[in-house]
Amino acid sequence: MTTAIPDRALRELGRTEGDTEALDLLVRDQNTRRLVLLRALLDAATEPVTGRPPDLLDRLREDWALLTAAERADRAAARAVVLHPLVGPWAERCLNALTADAPVQEVRAHLGHLGALAAAAAIRAGLSFATRLTARGTVLHLPTLGAVRVNPGTVGLAAGDGALRICEEHGPAVLVRVDSEGASSLDPRWLPVHALPAVLPGGSPVPLDDLDPYRAAGDSLEHHGLSGVVQLDDAARKAWTESWSGVEPMLGIGGDHRRAEAATLLRCLVPLAAPPGSAASGEEAAHCSGTRREAFGAVLSSRPAGAAHLAATLVHELQHTKLAALSALVPLHHEDTAPRHFAPWRPDPRPFDGLLQGAYSHIALADYWQRFALGSERVTYTQRDLAWSEHARRREQVGAVLPVLAGSGALTSEGRVIVNEMITLYHRLADWPPPMGHVARARAYVSTARVIWQQRNHSERA
């Protein structure tokens, strides 16, 4: 894994941009880290541990051999499964269970997912094979392909010639057709992963993954202000597809770099439930979203009100994806993790890294909404007014924390470049100011947020 990044690319990323070369550098590094993680998992699983049943190691070798065969048959197809964002959370949880000498039942459950992963890779690679997998409850999940409703227990799989046959001990088999676009079946027991069209022509479809068992496992979404994961019905999928259909042009209003980063970095969307109370309060636009460092390329989001807000959600969350990947490539600071800093977008004290992450994503939003407000005739008066409001608030929020970031003596040379470019962008945004009413309201909002924050945190520490 390289630790070098060209100065030009670093400056582009500091402006929340990044051309194909810069983005590809981040992607390659993250892909390499995923492969290293899987190798570490294999090494940990094959370490001799007292009390670990021999059949676990035998099954591990069998599954790894199938995964290796898939890689040899069609590397691109196998890597599409191995590098799927939600494989990351599984691999980390499995490795942690192995290295912490967790109970055998927990280790067996996590390692069992490797069999499903290997089978999915082999199916996509076009291999003919047969294997047996253990369902998690009443669902057997095949990453990136879908899931099948089954009775608890062991399930047989046989694949070949573009077909998959899933057999239980009792009852008829589930027949699934597999092609380059995914897996489909007329059997209602089969639940396919719904795919949204590629962001740009010629790109890869974006899975709307509401099936993967590791899409939220091991992470407290509520702690991060997020609602829980949800499985979509036909009406919800249709609504997502409708919002998605307008995302590409809305991203384009924010600049070609917004389309490019979405096309390069976004590998799947994980749908979340609507925020608690949003429907009751009539706030149709209320939504929540987030990313997970171990799930590079995944954006978790409830469905925003429309294409413009979905595009803004991607702009916001993909900045977290970029900065987290950059931070893994080169350290940006050596500050501690103590939560002590005021951030106008959060009620709780933030650690320095959280402050940097938040400021980075918010200044990208300030830039996006300003471009939106100054955009083409496709922008209505109502949309323009909303965009100026969003821009003014985001810029004021960032302005409130930039002095803390700039004043840190723990920034690395790369971190200093990032912060300096953020400051340059912040001042450049002032060249096209919003109507004064929006500025006044944004300043009042940040001022009130600071007072409330100080009162709350002083009270908690008293």
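The values are calculated or read from the model by the stated rules, or taken from the named source; none is laboratory data. Small disclaimer: the values here were computed from a predicted structure and weren't measured. No Cβ is skipped: glycine too gets one built from the backbone with ideal geometry, and neighbour counts run over all protein chains shown. To get the accessible areas, we keep the full protein, side chains included, count just its heavy atoms, and leave off ligands, DNA and RNA. Shrake-Rupley method; radii C 1.70, N 1.55, O 1.52, S 1.80 Å.
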Taking the stretch 321-334 and keeping only residues that are touching a Gly at 6+ places or on another chain (Cβ under 8 Å) and either part of a loop (DSSP other than H, G, I, E, B) or open to solvent by 20 Å² or more (accessible area, probe 1.4 Å) (or both), one is left with 331, 332, 333
Among the candidates 70, 9, 22, single out the residue that is in contact with a helix residue (DSSP H, G or I) (Cβ under 6 Å, 6 or more places away or on another chain) and in contact (Cβ under 8 Å) with a residue 24 or more places away in the chain.
70
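Is it the case, given these coordinates, that residue 207 is under 19 Å from residue 294 (Cβ atoms) and either modelled with pLDDT of 95 or more or part of a helix (DSSP H, G or I) (or both)? Steps first, please.
Working: under 19 Å from residue 294 (Cβ atoms): yes; either modelled with pLDDT of 95 or more or part of a helix (DSSP H, G or I) (or both): yes.
Against the criterion (under 19 Å from residue 294 (Cβ atoms) and either modelled with pLDDT of 95 or more or part of a helix (DSSP H, G or I) (or both)), residue 207 qualifies.
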Given the residues 285, 295, which is the only one that is over 22 Å from residue 88 (Cβ atoms), part of a loop (DSSP other than H, G, I, E, B) and either open to solvent by 40 Å² or more (accessible area, probe 1.4 Å) or modelled with pLDDT of 90 or more (or both)?
285
Taking the condition of being under 27 Å from residue 106 (Cα atoms), hydroxyl-bearing (Ser, Thr, Tyr) and open to solvent by less than 30 Å² (accessible area, probe 1.4 Å), how many residues in the stretch 1-56 meet it?
0
Condition (residue is more than 26 Å from the chain's Cα centre (by Cα) and modelled with pLDDT of 95 or more) applied to the stretch 71-93: is it met by at least one residue?
yes
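Of the residues 135, 158, which single one is among the small types (Gly, Ala, Ser), over 18 Å from residue 80 (Cα atoms) and open to solvent by 20 Å² or more (accessible area, probe 1.4 Å)?
Details: 135 fails: open to solvent by 20 Å² or more (accessible area, probe 1.4 Å).
Among 135, 158, only 158 is among the small types (Gly, Ala, Ser), over 18 Å from residue 80 (Cα atoms) and open to solvent by 20 Å² or more (accessible area, probe 1.4 Å).
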Flagged in the stretch 440-455 as free of Cβ contacts under 8 Å to residues at least 12 places away in the same chain and closer than 21 Å to residue 386 by Cα, in numbering order, are 440, 444, 447, 448
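Of all residues in the stretch 408-439, which are part of a loop (DSSP other than H, G, I, E, B), more than 22 Å from residue 388 (Cβ to Cβ) and touching a residue at least 40 places away in the same chain (Cβ under 8 Å)? Can you show your working first?
Kept after step one, since they are part of a loop (DSSP other than H, G, I, E, B), are these residues of the stretch 408-439: 408-410, 412, 430-435.
If we keep only those that are more than 22 Å from residue 388 (Cβ to Cβ) as well, we get 408-410, 412.
Across the stretch 408-439, the qualifying residues are 408, 410, 412.
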Just to check your reading of the model, which residue among 59, 79 is among the basic types (Lys, Arg) and either open to solvent by 60 Å² or more (accessible area, probe 1.4 Å) or assigned to a loop (DSSP other than H, G, I, E, B) (or both)?
59
Among the residues of the stretch 9-41, which ones are part of a helix (DSSP H, G or I), at pLDDT 95 or above and acidic (Asp, Glu)?
12, 24, 29
Considering the stretch 94-125, residues that are modelled with pLDDT under 95 and charged (D, E, K, R), and then whichever is surrounded by the most Cβ atoms within 10 Å (Cβ to Cβ), we arrive at 108
Small (Gly, Ala, Ser), more than 30 Å from residue 255 (Cβ to Cβ), in a helix (DSSP H, G or I) and out of contact with any Cys (no Cβ under 9 Å at 6 or more places or on another chain), is that true of residue 44?
no
